[in-house]
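Structure first, then comments.
The values are calculated or read from the model by the stated rules, or taken from the named source; none is laboratory data. From a predicted model like this one, the values you see are computed outputs, not experimental measurements. FYI the Cβ positions are ideal-geometry reconstructions off the backbone, even for glycines, and counts take in every protein chain you see.
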Amino acid sequence: MKVNRIKYLAAIIGILLVATSSTQLVSAQADEIRESFDNESLQGWDHSEGVFVSEGALQVPPDNFAVRFTGPPGTSISFDFKRSGPGAIIVRYAISPDGEYALIIHDEGVVLQKGGEGPPTLLQESPWEGSSSEWQTVTVKLNTDGQQISIGDSVLITTQEETVLRGSGIGFWVEGEGTASLDNLVISGLTPPEERAAQGAELPLAVEEEPPAEPTPEAAGDGRITAQDLISELTTSQVSPTDLTTLLINLGLSAVLSYILSRVYVHWGSSLSNRRRFAANFILITVTTTFIIMVVRSSVALSLGLVGALSIVRFRSAVKEPEELAYLFFAIAIGIGLGDNQRMITVIALAAAILVLGILRLFRGRQADFNLHITVSSSGTGKADFESVVDTLQENCAQMKLIRFDETSQAQEISFLAEFRDMKQLKQAKAALQGLSDDLQISFLDNKGVW
């Protein structure tokens, strides 16, 4: 009873941690967001596996990214950066369904692009003579008719636009050789204009007035939820398109690799149970493990919640032989590898395992591939001769092994392990045994099956 209480307590703690982290994210979206990267867990960020926090700064190595969705759109963005080598920092901000801005800071200057449905549009570019190896402060101010971008005290880009994007996401991508360090991210002007007007505050020039939204059934007080609202809730996500593509690729690859593993187990395994039925579980186990690892790998709170949830679940899988357990572990290992985006390593490991199993199969030969139990019983005057039964089976099966022999003056019972390569060979053996005596009784018991 005490153990069960501990398990339930662990589950509750995990759930509370997840709920607390979600509450903190919501409360941070009041008027501005300040991120000094003091928490190594990167709470609220979606990022690639190479991103980490060191010495109070976000470290983004080449070919890696970090993205955060802030909620309401901001009107001012500032952050500090420096690079440890040549390359470029791509800052995508105001991310929305209509498009996004991409600010590219490279060794010779800065470039501002505007993306949408088609190819990105070049808004403006400007040279910059500063040193990216030292800390620099970038400031972006979004106005109703354009934006202004500066590094330090130098205003480098000023644009005039008919439509200024007002998305809620910001992300950092790094290309080249040097790792980018980012710190002191501040996104201000997050309070929606309607709330500022209700508080009697003066609307800043940087906030674009939005037309009043049409009243919904919820606002009218009837409490109804339309189908459009449900679809919007289901499709709203903080996962970037790149992450969604990665998830689909990994899940598809996990299904393919687990299917290959199941075929190897069916044809090369030596387990006495029904291998086809047992191998059918590999695909579901691998895909589930891949999904779980991809969900929890970037969040400490979710990882603890998973531990708490699994502590109250007991798996009662009837594993009869060590070989079955080994294949189950391998299926889980494939899921963990793909969930952590280690695709090449996972594929190489599976190929190496198949190669080793194939070599062992050659050395082992066919001595353990018995697929049927055969019991031959006879009594009275129709009792069959022992040598005749053995000779008949040897002529009509690939190989056989005597496992039991009982005989009295009136009866005789002989048990064998035998291998039949196909159903035709089994029928021939049955007919030959029945030809020895009319009173002969034959029992065939499935061991691994004949196919």
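Observations on the model:
- Residue selected from region 379-408 under the condition small (Gly, Ala, Ser) and either over 55 Å from the mean Cα position of the chain (by Cα) or at pLDDT 85 or above (or both), by the criterion surrounded by the fewest Cβ atoms within 10 Å (Cβ to Cβ): Gly380
- Residue in region 51-64 that is nearest to the chain's Cα centre (by Cα), counting only those that are assigned to a loop (DSSP other than H, G, I, E, B) and within 18 Å of Val91 (Cβ to Cβ): Val51
- Taken over region 141-155, the residue count meeting the criterion of being touching a Phe, Trp or Tyr at 6+ places or on another chain (Cβ under 9 Å) and under 16 Å from Gly109 (Cα atoms) is 2.
- Restricting attention to region 82-94, the residues being surrounded by fewer than 22 Cβ atoms within 10 Å (Cβ to Cβ) and aliphatic (A, V, I, L, M) number 2.
- Qualifying residue in region 354-369 (condition: of a type outside the set (Ser, Thr, Tyr), at pLDDT 85 or above, more than 18 Å from Ile442 (Cα to Cα) and surrounded by 13 or more Cβ atoms within 10 Å (Cβ to Cβ)): yes
- Conditions (1) modelled with pLDDT of 85 or more; (2) assigned to a helix (DSSP H, G or I): number failed by Val376: (2)
- Restricting attention to region 58-81 and to residues that are among the small types (Gly, Ala, Ser) and surrounded by 20 or more Cβ atoms within 10 Å (Cβ to Cβ), the residue that is modelled with the highest pLDDT turns out to be Ala66.
- Scanning region 53-77 for residues that are among the polar types (S, T, N, Q), under 27 Å from Glu108 (Cα atoms) and out of contact with any Lys or Arg (no Cβ under 9 Å at 6 or more places or on another chain) gives Gln59, Asn64.
- Restricting region 261-280 to residues that are at pLDDT 85 or above and surrounded by fewer than 16 Cβ atoms within 10 Å (Cβ to Cβ), the residue that is nearest to Leu362 (Cα to Cα): Arg263
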